[in-house]
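Encoded as structure tokens, the structure appears first; notes follow it.
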């Protein structure tokens, strides 16, 4: 019997689908699912949804709910994290201050000044949870969806002994995207992806055991198809491979696409320099949450649909010993041989009843490794800054961000980082 603790169970984007994923798995029917959230209204909503789905499926899964994190972690075998640390207010600072300095993030969740300061906020929170878990359930496995999923996993695996895996849905989402572009059934495709989170590369994409890349390149010739994914097609054209995550994400990881209003309009149409990702994210989260509240407020069955997230399939494979293969973010122990040892890399991972087995990839094509290393340099310094309270390392990390370096001088970067430290001071205990 497994106990699974879901920290941040009130998540509008993950909660309901995780309930369906969990309670439809035969191997987990004798398990306990403990929902934990600091927001009592959101916790009550998900608890109600869980009880409704449990009754609808006639499932014997035990459902618990608590606002006490230690209670949720105590005795847990698996811990799923889907938190929004500190709410949306600090993300507004992290977006708007760089904009005033000519740096135009889109999502701002992974790299650059916005992503780095988000990582600085999340690392103390996740590390505190990991150390609490070391006390009450030292054999548990953390499955963490916190962005930035390169900086945070690098820091946690360096500073804590707890078993930890950083997760994302960009690899399987990208494989679905490629199948859609190619006009082929996703279920008939296969892929092999590796690199770093949000910037992993589809090294192989196959349909019926044949290379399907020619289908993607042929579709690139269609102006309408090209216009829907300009950044990723440009990277494919110049570097030879399709990259994970969306074009609007990838535009801010490199120097070429969001230098000014002109390049924003050309490469990321619909995302001008003043675009407010945080407000849109908050709006969509509120809409999803209200839709669920309305659904559980009505009579009749709830919608039960599995997601394509990895976390429950990982637990299922460990419990059932039915192997699966996922992609996750782990320390580089010679897995990608031309990326730095010890850095956080995203690689295929085999999962069975003996746990997680990251797969050896070997060398990436050199041009892809070079792009990854440019981001990993800032990640390394951001991790150093977060774990040691080193402000200079943080400033150096921001200075090495390609998009920031394309827009700012070193003095301008210094001023921007000082503003970010001042704005985020309440959320950065390691720098006090």
Among the residues in the range 355-366, are any part of a helix (DSSP H, G or I) and either on the phi > 0 side of the Ramachandran plot or at pLDDT 95 or above (or both)? yes
Quick one: in the range 200-253, of everything that is without any contact (Cβ under 8 Å) to a residue 40 or more places away in the chain and touching a strand residue (DSSP E or B) at 6+ places or on another chain (Cβ under 7 Å), which residue is nearest to residue 345 (Cα to Cα)? 204
Checking the structure you have, find out if any residue of the range 165-182 is closer than 21 Å to residue 115 by Cα, surrounded by 17 or more Cβ atoms within 10 Å (Cβ to Cβ) and without any contact (Cβ under 8 Å) to a residue 24 or more places away in the chain. no
Take residue 300 and decide whether it is at positive phi and either assigned to a loop (DSSP other than H, G, I, E, B) or modelled with pLDDT of 95 or more (or both). yes
Exactly one condition in (1) in contact (Cβ under 8 Å) with a residue 24 or more places away in the chain; (2) touching a strand residue (DSSP E or B) at 6+ places or on another chain (Cβ under 8 Å) is false for residue 44; which is it? (1)
Of all the residues that make up the range 149-167, how many are out of contact with any strand residue (DSSP E or B) (no Cβ under 7 Å at 6 or more places or on another chain) and either in a loop (DSSP other than H, G, I, E, B) or at pLDDT below 95 (or both)? 2
Number of the condition not met by residue 162 [criteria: (1) crowded, with 16+ Cβ neighbours inside 10 Å; (2) closer than 18 Å to residue 385 by Cα]: (2)
Confirm whether residue 133 is more than 18 Å from residue 198 (Cβ to Cβ), in contact with a strand residue (DSSP E or B) (Cβ under 9 Å, 6 or more places away or on another chain) and either buried (at least 19 other Cβ atoms within 10 Å of the Cβ) or at pLDDT 95 or above (or both). yes
For the range 18-43, enumerate the residues that are assigned to a helix (DSSP H, G or I) and exposed (fewer than 15 other Cβ atoms within 10 Å of the Cβ). 26, 40, 41
Among the residues in the range 314-333, are any more than 30 Å from residue 368 (Cβ to Cβ) and modelled with pLDDT under 95? no
Positions within the range 344-355 being surrounded by 21 or more Cβ atoms within 10 Å (Cβ to Cβ) and farther than 19 Å from residue 204 by Cα, in sequence order: 344, 351
Does residue 402 qualify as being modelled with pLDDT under 95 and either surrounded by fewer than 17 Cβ atoms within 10 Å (Cβ to Cβ) or closer than 20 Å to residue 254 by Cβ (or both)? no
Within the range 284-292, identify whether any single residue is buried (at least 19 other Cβ atoms within 10 Å of the Cβ), assigned to a helix (DSSP H, G or I) and in contact with a strand residue (DSSP E or B) (Cβ under 9 Å, 6 or more places away or on another chain), and answer yes or no. no
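The values are calculated or read from the model by the stated rules, or taken from the named source; none is laboratory data. Everything numeric in this text was worked out from a predicted model, so none of it was measured. Neighbour counts are summed over all protein chains in view; Cβ atoms, including those assigned to glycine, are modelled from backbone coordinates with ideal geometry.
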